[in-house]
Amino acid sequence: MEQEHLKKLIAEKLGEAVQSMEEMKNNDLMIVLDSKRLVTSMGTLKNDPALGFSTLMNQLGVDYGDRFAVIYNLYSSVLRKKITVKVHLDREQPEIASLERAFPGISWFERETYDLLGIRFSGHSNMKRLLLPDDWEGYPLRKDYVYPSSYNGIDTSRKDMLDDADSEDTARV
């Protein structure tokens, strides 16, 4: 299927939920969706027989500084195509509906995104930290995150690896 035909088909199926579409450098299609229409749009992408994007390959979050985005990589065995779906979220209240019902394997991805960026997934069955301790403060992948100097009495400060390097080692870097 040609990219222009796929764009037209997705625009027809998702309508006003699509905010923009563009071809990425790797020839995959990037679709930016209205965050309020994510669940129904992803349901259409997955369940519509003409589309069949039933495989969730990945989900991740991004901090752009002024806003967040959640990105989903989907694959259609029907079309033999990959697409990237992106939704933008408000920085002050980063929350989006969970896609756990449609894609059960997304549970771990959503928890990781919550743990490291603080993006909440409403309706998630187990929205709690995945990698960090429950009492960890903040979200380490946020651009404004300040690393603590200690955690539970353990020094967490990092030393610059080049501080101890002799001049010969430094010359090789």
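Evaluating N47 against the criteria (1) in contact with a strand residue (DSSP E or B) (Cβ under 8 Å, 6 or more places away or on another chain); (2) closer than 23 Å to P104 by Cβ; (3) loosely packed, with under 14 Cβ neighbours inside 10 Å leaves one unmet condition, (1). No other residue among V32, V78 is out of contact with any helix residue (DSSP H, G or I) (no Cβ under 9 Å at 6 or more places or on another chain), over 22 Å from P140 (Cβ atoms) and not in a strand (DSSP E or B) apart from V78. When residues in segment 142-151 are screened for being out of contact with any strand residue (DSSP E or B) (no Cβ under 9 Å at 6 or more places or on another chain), within 25 Å of T113 (Cβ to Cβ) and either among the polar types (S, T, N, Q) or surrounded by fewer than 10 Cβ atoms within 10 Å (Cβ to Cβ) (or both), 1 of them pass.
Total residues in segment 1-29 satisfying the condition of being assigned to a strand (DSSP E or B) and over 20 Å from S77 (Cβ atoms): the figure is 6. Test E110 against the criterion of being surrounded by 15 or more Cβ atoms within 10 Å (Cβ to Cβ) and either at pLDDT below 95 or under 30 Å from P148 (Cα atoms) (or both), and give yes or no. Criteria met by E110.
Out of the residues in segment 1-27 meeting the condition of being charged (D, E, K, R) and free of Cβ contacts under 8 Å to residues at least 12 places away in the same chain, tell me which one is surrounded by the fewest Cβ atoms within 10 Å (Cβ to Cβ).
K25
The values are calculated or read from the model by the stated rules, or taken from the named source; none is laboratory data. Remember, predicted model here, so these are calculated numbers, not experimental data. Virtual Cβ from ideal backbone geometry, glycine too; neighbours counted across all protein chains shown.
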